[in-house]
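*Asks:* Attaching a single structure in structure tokens format; questions to follow.
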Amino acid sequence: MLEEVATYVSDSQQNINVLRGLVQQLRLLVNQENQKCWGKPLGSQSLWDGHVQTIQRIQNIASQIQIREPGPNIRPKLHDLPEECVREIILRITDYKDLDASASAWSLMAALISEQRVWRELSHYHFNKQQIDFILDKMCLQDTKERHRNWQAIYHALRKTYGVPEELQYAEILAFCRLCRCLFWPSAGHPCIADQCPDIRQRIREAGNSDNTETQPVPPAQFLKYFSL
């Protein structure tokens, strides 16, 4: 399945950093499992060798991905957009690492990313008022006027204190359907057995399973645990 994910990322040119993070976590997980039984893997050695070879293939796919620029006749390009449009794009980035990478790519983006509004909205996106107030008190900024606050420093203090919820770091994460036991991308949906047979959904409701528990988000770390012995 991960090979299919790697191939999809390679073709779509999207979520490359997520793929590389998955591969790193997977290799770490395999290394941990390899030491569980007297310093050796539990189970068939040939099976584990196959897992390692698969991970290596996925790593090769990830390392060979190169972002392809649009053709010269495709307009508009990012550099053609007005500053206001670029700012709106930046305000929709939810990962500070992506902001740092964007700042190093283009001087205009670096200037926009240095604006306090970007980091203020990022802070309010990831953290609640109580958490923000605690950090403001800790940094002695509660009585400081808004325009004098360094929201980039505030965000990093929040991140180091509370961490960032994993499901908020990605544009989309896998979901698990409790009804048909299927993993799927929410944006693509899936042919759920409950949609094909409405009686099944009714019986599930009568059994006490409400609609809001039909799907469960599966962050990358949880996804990798499916492969743990």
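The values are calculated or read from the model by the stated rules, or taken from the named source; none is laboratory data. Everything quoted here is computed from the prediction, not taken from an experiment. Virtual Cβ from ideal backbone geometry, glycine too; neighbours counted across all protein chains shown.
*Asks:* As an exercise: evaluate Q130 against (1) farther than 30 Å from P82 by Cβ; (2) modelled with pLDDT under 90 and give the number of the one condition it does not meet.
*Replies:* So Q130 meets the others, but not (2).
*Asks:* Name the residue that is farthest from H148 (Cα to Cα), counting only residues in segment 94-120 that are β-branched (V, I, T) and in contact (Cβ under 8 Å) with a residue 24 or more places away in the chain.
*Replies:* The selected residue is T94.
*Asks:* Which one of the conditions (1) surrounded by 13 or more Cβ atoms within 10 Å (Cβ to Cβ); (2) farther than 21 Å from L122 by Cβ does I90 fail to meet, given that it meets all the rest?
*Replies:* Just one mismatch for I90, condition (2).
*Asks:* Here's something else I'd like to know. Could you grab the pairs with beta carbons closer than 9 Å, sequence gap of 6+ or different chains, first residue in segment 1-24 and more than 14 Å from I173 (Cβ to Cβ) and in the same structural domain as T54 (by TED's automatic domain parsing), second one charged (D, E, K, R) and modelled with pLDDT under 80?
*Replies:* Here the result reads Q13/R68, each pair linking segment 1-24 to a residue that is charged (D, E, K, R) and modelled with pLDDT under 80.
*Asks:* Something else: Is it the case that some residue within segment 58-75 is at pLDDT 90 or above and surrounded by fewer than 15 Cβ atoms within 10 Å (Cβ to Cβ)?
*Replies:* Here is the first cut: in segment 58-75, the residues at pLDDT 90 or above are none.
There is no residue in segment 58-75 that is at pLDDT 90 or above and surrounded by fewer than 15 Cβ atoms within 10 Å (Cβ to Cβ).
*Asks:* Using beta carbons and a limit of 8 Å, which pairs, at least six apart or on different chains, have the first residue in segment 147-159 and within 11 Å of I135 (Cβ to Cβ) and the second one not in a helix (DSSP H, G or I)?
*Replies:* Within 8 Å, the pairs are R149/L141; A153/M139; I154/M139; I154/L141; A157/M139; L158/F127.
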